[in-house]
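Every read-out reported here was derived from the displayed coordinates using simple, explicitly stated rules and does not represent laboratory data. Nothing here was measured: the structure is a model prediction, and the numbers come from that model. Cβ: placed from backbone, ideal geometry, glycine included. Neighbour counts: every protein chain shown.
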Amino acid sequence: MALDRREAVQRLLADRGEMLVVSGLGSPTYDVAAAGDDDRNFYLWGAMGSAAPIGLGLALAQPAKRVLVVTGDGELLMGLGALASIAAQRPANLAIVVLDNERYGETGMQKSHTAHGADLAAIAQGAGFPVAATITDEADLDRIVGEIRSGQGPMLVVVKITAGEAPRVLPSRDGVEVKNRFRRSLGL
Ligand SMILES: Cc1ncc(C[n+]2csc(CCOP(=O)(O)OP(=O)(O)O)c2C)c(N)n1
């Protein structure tokens, strides 16, 4: 079983409050934009492998805010070492959601390592994450939304999604403006 990526992200971000969101390049950035543009979204357009470490830095710098990283399996696979750093730092306010279609969607749907058995939740657990899970249905998604809002992290949630391509929704590609408005939203 697997979820629709747009519906899953919509559900994750509905009534998000002050939550800060970092999106991994490609489809996760489009999914987060499709759920509604927001000054508190920090969209990545490149820097593959950097979404989780950027989330870590943000969570440490803004301990009073919840930080959610929404990224892809391919993106996370490029920077797995970050999971060990996150576990070592233990930011309680950080959640990572991996939209796992077992593919590199942006570049032609080539199979990623998760299609060959790599288990990202098990890897996070092995790195020392106190909370790591894989979900495949809406009931689990509903349960996990509350955890992401107020549970004790760091947590990593793999959301298995279908491999279909959703229409692209492109937010601003001006990295300086995205950064500036994100900082302004924090009063910086
Ligand atoms: C260092 C680097 N290598 C490769 C790419 C090309 N690239 C962009 S997105 C992407 C696939 C991302 O896959 P995933 O994170 O699983 O997202 P999906 O679109 O499948 O949801 C790749 C390979 C890149 N931008 N940077």
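How high is the relative contact order of the chain, given as a whole-number percent (alpha carbon pairs under 8 Å, six or more residues apart)?
Contact order relative to length: 27 percent.
Taking the simple approach of a point 7 Å from Cα along Cα-to-Cβ for both residue 174 and residue 119, what is their distance in nm?
4.7 nm
Fewest to most neighbouring Cβ within 10 Å: what's the order for 19, 1?
On the way: 19 19, 1 9.
Listed from fewest to most nearby Cβ atoms, that is 1, 19.
Neighbour counts of other C-beta atoms within 10 Å: give me 48, 155 arranged from fewest to most.
Listed from fewest to most nearby Cβ atoms, that is 48, 155.
Using helices alone, I'd like the mean residue ellipticity at 222 nm for the chain: each DSSP H run of four-plus residues gives -39500 (n - 2.57), total over residue count, nearest 500.
Value at 222 nm, helices only: -11000 deg cm²/dmol.
Work out from phi, with θ = phi - 60° and the Karplus expression 6.51 cos²θ - 1.76 cosθ + 1.60, the ³J(HN,Hα) of each residue of the stretch 126-138, listed in order in whole Hz, and give x for Gly and Pro.
x, 6, x, 4, x, 10, 8, 8, 10, 10, 10, 9, 5
Over its Cα atoms, what ratio of radius of gyration to 2.2 N^0.38 Å does the chain give?
Values: Rg = 14.8 Å, N = 188, 2.2 N^0.38 = 16.1 Å.
The value comes to 0.92.
Along the charge dipole of the stretch 5-185, Cβ charges K/R +1 and D/E -1, which of 36, 51, 61 sits furthest on the positive end?
Result: 61, furthest along the dipole toward the positive end.
Sort the stretch 1-66 into rounded, prolate or oblate with this rule: let a ≥ b ≥ c be the square roots of the eigenvalues of the Cα gyration tensor; rounded if a/c is under 1.5, and if a/c is not under 1.5, prolate when a/b is larger than b/c, oblate otherwise.
Because a/c hits 1.5 or more and a/b fails to exceed b/c, the stretch 1-66 counts as oblate.
Quick query: amide H of residue 96 versus all other amide H atoms, modeled in the peptide plane; which residues come in under 5 Å with a sequence gap of 5 or more or a different chain?
Excluding prolines and chain starts, which carry no amide H, the hits are 69, 155, 156, 157.
Please report, in debye to the nearest 20, how large the charge dipole of the stretch 5-185 is about its Cα centre when each Lys and Arg carries +1 at its beta carbon and each Asp and Glu carries -1 there.
520 debye
Along the charge dipole of the chain, pointing to its positive end and built from +1/-1 on Cβ of Lys, Arg, Asp and Glu, which listed residue (79, 89, 105) has its Cα farthest out?
Value computed over the given set: 89.
I'd like to know which of 155, 2, 180 lies farthest towards the positive end of the charge dipole of the chain, counting +1 on Cβ of Lys and Arg and -1 on Cβ of Asp and Glu.
Result: 180, furthest along the dipole toward the positive end.
Once you mark the GluC sites (Glu not before Pro) that are in a DSSP loop and have at most 16 other Cβ atoms within 10 Å, what is the longest gap between them in the chain?
My reading of the result: 19-164 is the longest stretch.
Give me the lysines in straight-line cross-link reach of residue 179: C-alpha distance below 23 Å, same-chain residues under 8 apart excluded.
65
Along the Cα-to-C-beta direction of residue 149, a point sits 7 Å from the Cα; which residues of the stretch 172-188 have their amide N less than 18 Å from that point?
none
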